[in-house]
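Right, one structure below, let's go through it.
The values are calculated or read from the model by the stated rules, or taken from the named source; none is laboratory data. Just so it is clear, the structure is predicted and the values come from calculations on it, not from any experiment. So basically every Cβ, Gly included, is an ideal-geometry build from the backbone, and we count neighbours across all protein chains shown. Only protein heavy atoms, including side chains, enter the accessible area calculation; ligands, DNA and RNA are left aside. Shrake-Rupley method; radii C 1.70, N 1.55, O 1.52, S 1.80 Å.
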Amino acid sequence: MILRGTASINGQGHLEIGGMDTEQLVEKYGTPLMVYDVALIKERARMFLRVVNQKGVVGRAFYATKALNTTALLQLLAQEGMGFDVVSGGEFYTALKAGVNPKNILFHGNNKNREELELALSNGIGTIVIDNFYEIELLEQVAKQLGVVVSCLLRVTPGVDAYTHKYIITGNEDSKFGFDLNNGQADRALSYLHNHEVFDLKGIHSHIGSQIFGEEGYMIAMDRVFSKLLEWKIQHGFTPRVLNIGGGFGIRYSMRDHLKPYEGFITLVVEKFIKRCHEIDIPVPQLWIEPGRSVVGEAGTTLYTIGARKEIPGIRTYVSVNGGMTDNIRPALYQAVYEAVLSNRMLDETEEEVTIAGRCCESADVLVENIKLAQAKPGDTLAIFCTGAYGYSMASNYNKVPRPAVVFVENFKDQLVVRRETYDDLIQYDFPLEVEE
């Protein structure tokens, strides 16, 4: 068991986060409940901003809002000086409603539609990350219609396998994202965008995947990008003002994850970045990164109430909780591994090995397999750590299960930032059948 951030065990043997007893939070808000350690979020945001601005490099850190996009979180990170990476009109709209300066937003996505581009450009978005030829054509139409110039980055796929789950690899050649560096697509796109009256091409973007534990993939991707930049400098006179290396920085979900310290390996990436700029003799551009999971992932803990037990002699014991794949799809989708504890009995000795099952009508709805816990009883509180990223943001109402509440905790105070859905919320958009009289 790894306690992260401000998490600790109090005198009652309960888990505390941000100075708040989780049992008091459960009594106040119910379960399932997603609890976020605000101090840890701030610490991560400040760290990323610090490491991308070192050794004379001017850098920016854009929080990848797909990890968790709530009004309160975006306001918090804006106060810390982060920009924001969005991938839909909804994410962009939420950022606007949170008071984020649109100049500090960059818009990703492999299939942005006209309405989303019109929304972004008419609100003065800072940067569009161009992903394909269709988007170039559509952007040009919208920009001319609105009479604006599109500030943009060209997304390239450097052909790097990030050694992660196949569903979260994005930088290899067989990817739905970006222009391939090796088959001429990136060259064609660069040639069209460079010195175009509608496009202000600021630089290049690449992203090799998610849940990456070290610098190796970023180094290889950077070598390939800089080799292409040298070609474009010679052939087109193009030098970037921005190089965005994406995000994908992993977190330590369990003891089996061997993560290098962020500051150490990102410093190596920065040093390599400076070295490659000098080698191809270009001014050092701004260096942008896009941390998401690594900002909020370890800061989130989900609290559940234990209900039914099913003991299958000689096979396993299932302990069921009142949540599951509706609030955390990652175990079913990615075979993600988590650590869990009985947060109301933190000091009790481990007595059994169980599998934590969710409440949904799916055999795949298993949150944690074969975990050792104290003897779990109905009514106990189970805490699953590191659920802060891609839990609530990927939550659903499958089986008509309401989404959980989200609470921020810091300095012995708690704040509700997303209320629990009600049954009425679930049917608010339904229309009854019209009956002819």
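Side notes on the structure shown:
- For region 223-290, taking the reciprocal of the average inverse distance between every pair of different Cα atoms yields a Kirkwood hydrodynamic radius of 13.7 Å.
- Farthest towards the positive end of the charge dipole of the chain, among the residues 82, 321, 264, is the Cα of 264, using unit charges on the Cβ of Lys, Arg, Asp and Glu.
- Anisotropy class assigned to region 3-57 is prolate, per the alpha carbon gyration tensor with a/c at or over the 1.5 cut-off and a/b larger than b/c.
- In plain terms, the chain from residue 333 to residue 43 could stretch by 101.5 nm, reckoned as 0.36 nm per residue minus the Cα-Cα distance.
- Once all protein chains are placed together, residue 187 keeps about 40 Å² accessible to a 1.4 angstrom probe.
- Total charge dipole magnitude, region 320-437, about the Cα centre, Cβ charges on Lys, Arg, Asp, Glu only, Debye to nearest 20: 420 debye
- Aspartates and glutamates with Cα under 14 Å of residue 66, excluding same-chain neighbours fewer than 8 positions away: 85, 91, 290
- Accessible surface of region 264-318, 1.4 Å probe, proportion on carbon and sulfur as whole %: 54 percent
- Using a cutoff of 8 angstrom between alpha carbon atoms and counting only pairs six or more residues apart, the relative contact order for the chain works out to 20 percent.
- Oblate is the label for region 15-130, because a/c, from the alpha-carbon gyration tensor with a ≥ b ≥ c as root eigenvalues, is 1.5 or above and a/b does not exceed b/c.
- Surface share of carbon and sulfur [accessible, 1.4 angstrom probe, percent] for region 59-209: 44 percent
- Annotation: for a label point projected 7 angstrom from Cα along Cα→Cβ of residue 431, no residues of region 62-106 have a backbone N closer than 13 Å.
- For the chain, the longest principal axis of the C-alpha atoms and the axis of helix 262-279 are separated by about 10°.
- Taking the Cα centre of region 244-343 as reference, the dipole from Cβ charges on Lys and Arg (+1) and Asp and Glu (-1) amounts to some 380 debye.
- Area of residue 278 that stays accessible when all protein chains are in place (1.4 Å probe, Å², to 10): 120 Å²
- Relative pair counts by distance (%), Cα atoms of region 373-437, 10 Å bins: 14, 33, 32, 12, 6, 3, 0
- Solvent exposure of region 277-396 as accessible area per residue, Å², 1.4 Å probe: 39 Å²
- (1) 27.2; (2) 33.1; (3) 25.3, with the label sought being that of the calculated mean projected area of the Cα convex hull in nm²: (3)
- Heavy-atom surface of region 3-44, accessible at 1.4 Å and reported per residue (Å²): 36 Å²
- From phi via Karplus (6.51, -1.76, 1.60), per-residue ³J(HN,Hα) for region 335-342 in Hz, x at Gly/Pro: 6, 5, 10, 10, 9, 9, 9, 7
- Convex hull of region 299-437 built on C-alpha atoms - directionally averaged projected area, nm²: 11.5 nm²
- Taking all Cα pairs closer than 8 Å and separated by 6 or more residues, the relative contact order of region 272-420 comes to 27 percent.
- Candidates 365, 180, 223, ranked by Gaussian network fluctuation over the chain, Cα under 10 Å, top entry: 223
- Given 310/372; 97/400; 310/377, the pairs whose alpha carbons are separated by over 21 Å: 97/400
- Max mean-square fluctuation residue, GNM over the chain, Cα-Cα springs under 10 Å, options 291, 261, 102: 261
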